[in-house]
Amino acid sequence: MKKAHDTLPPEQTVAALAHFAWCALVALRTAQQDGQALSPLSTHAFLLRWLTVAYKQKRFTRAIASDIEALLTLGRSKGLAASLFSRLEYLWVSCTGPVTAQSDLYRLTYAIEQLKSEGWVNAVVSDREWGTEALTEEYRDIDALLVRKSALTDGFSNEGKLVAPVEFQVTGNLSACMAVFLAHALPAVVLKPDRIAIHL
């Protein structure tokens, strides 16, 4: 679990990710103007080196260190197939564009991040745990958003588009949770006093 001082509010995290992606893309373009990183392989090698240095020298806030580390791991394990340039471009566009232009899964992720920054707990549970009294009891006195792992897997396409309704169990302030979902352009409906769903 991240320490409190490593966590930023969602809008600041998005801004930090946008700044990071912008720096990486500018560094690449500058290298290309100098006649470097002109082939797919040399572009990949340049970005991998740049990410390594940025991570080791802690050039960016610790709140996005795990994102940089994930890109590094992907680049090292998958090579060219990691498509680091495309991922950085996507990161830049997704962090600087309007919320409604982002994928459904992206908006859900940031809605959950906002709730977490406000003290909510988010838990992904198994089908066996879902709907049990033990689960409800475990989260009874706190603001929590619970969802089945299978619902997330089945509810979104590989492109992050909502393809089936996803149901959540909410303990705590239901109206605050609904407000955050609606602010992120997620069509949420109340099913029961402790259940909401996002739907097509």
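The values are calculated or read from the model by the stated rules, or taken from the named source; none is laboratory data. It should be emphasised that the depicted structure is a prediction, and the values quoted were computed from it without experimental measurement. As a convention, Cβ positions derive from the backbone with ideal geometry for all residues, glycine included, and neighbour counts pool all protein chains shown. The protein model used for the area step is the full one, side chains on, heavy atoms only, and it has no ligands, DNA or RNA in it. Shrake-Rupley method; radii C 1.70, N 1.55, O 1.52, S 1.80 Å.
For the chain, the longest principal axis of the C-alpha atoms and the axis of helix 10-33 are separated by about 20°. For the set Lys78/Lys149; Lys56/Lys149; Lys56/Lys78; Lys58/Lys149, the pairs lying more than 24 angstrom apart at their alpha carbons are Lys78/Lys149; Lys56/Lys149; Lys58/Lys149.
With everything on Cα atoms, drop me the angle between helix 84-96 and the longest principal axis of the chain, reported from 0 to 90° to the nearest 10. Taking the Cα atoms of the chain, the angle to 84-96 is about 50 degrees.
Under a model in which nothing but the beta-carbon of Lys, Arg (+1) and Asp, Glu (-1) is charged, the chain shows a dipole of about 820 debye around its Cα centre. Ordering Gln12, Phe46, Asn158 by Cα displacement along the dipole of the chain toward the positive end leaves Phe46 in first place; charges were set at the Cβ atoms of Lys, Arg (+1) and Asp, Glu (-1). Between Lys78 and Ala101, with labels modelled 7 Å along Cα→Cβ, what's the label distance in nm to one decimal, could you check? My value for the distance between the label points is 2.4 nm.
When Val93, Val125 are compared by accessible area of protein heavy atoms, the largest-first order is Val93, Val125, using a 1.4 Å probe.
Checking the a/c ratio against 1.5 first, then a/b against b/c, what shape does the Cα gyration tensor give for region 31-135? In terms of gyration-tensor shape, prolate. Entry comment: accessible area of the chain is 57 Å² per residue, from protein heavy atoms only and a probe of 1.4 Å. Which of Leu28, Leu135, Leu17 moves the most in a Gaussian network model of the chain with Cα springs under 10 Å? In this elastic network of the chain, the residue with the biggest mean-square fluctuation among Leu28, Leu135, Leu17 is Leu135.
Taking the longest Cα principal axis of the chain as reference, the axis of helix 40-56 is set at about 70 degrees.
Measuring between their Cα centroids, region 20-77 and region 170-197 lie 38 Å from each other. For the listed peptides 69-78, 53-62, 138-147, a ranking on the average number of other beta carbons within 10 Å per residue, highest first, reads 138-147, 69-78, 53-62.
Along its principal axes, the chain has C-alpha extents of 62, 35, 31 angstrom, given from the largest down. Using a probe radius of 1.4 angstrom, the carbon and sulfur fraction of the accessible surface of region 21-165 is 53%.
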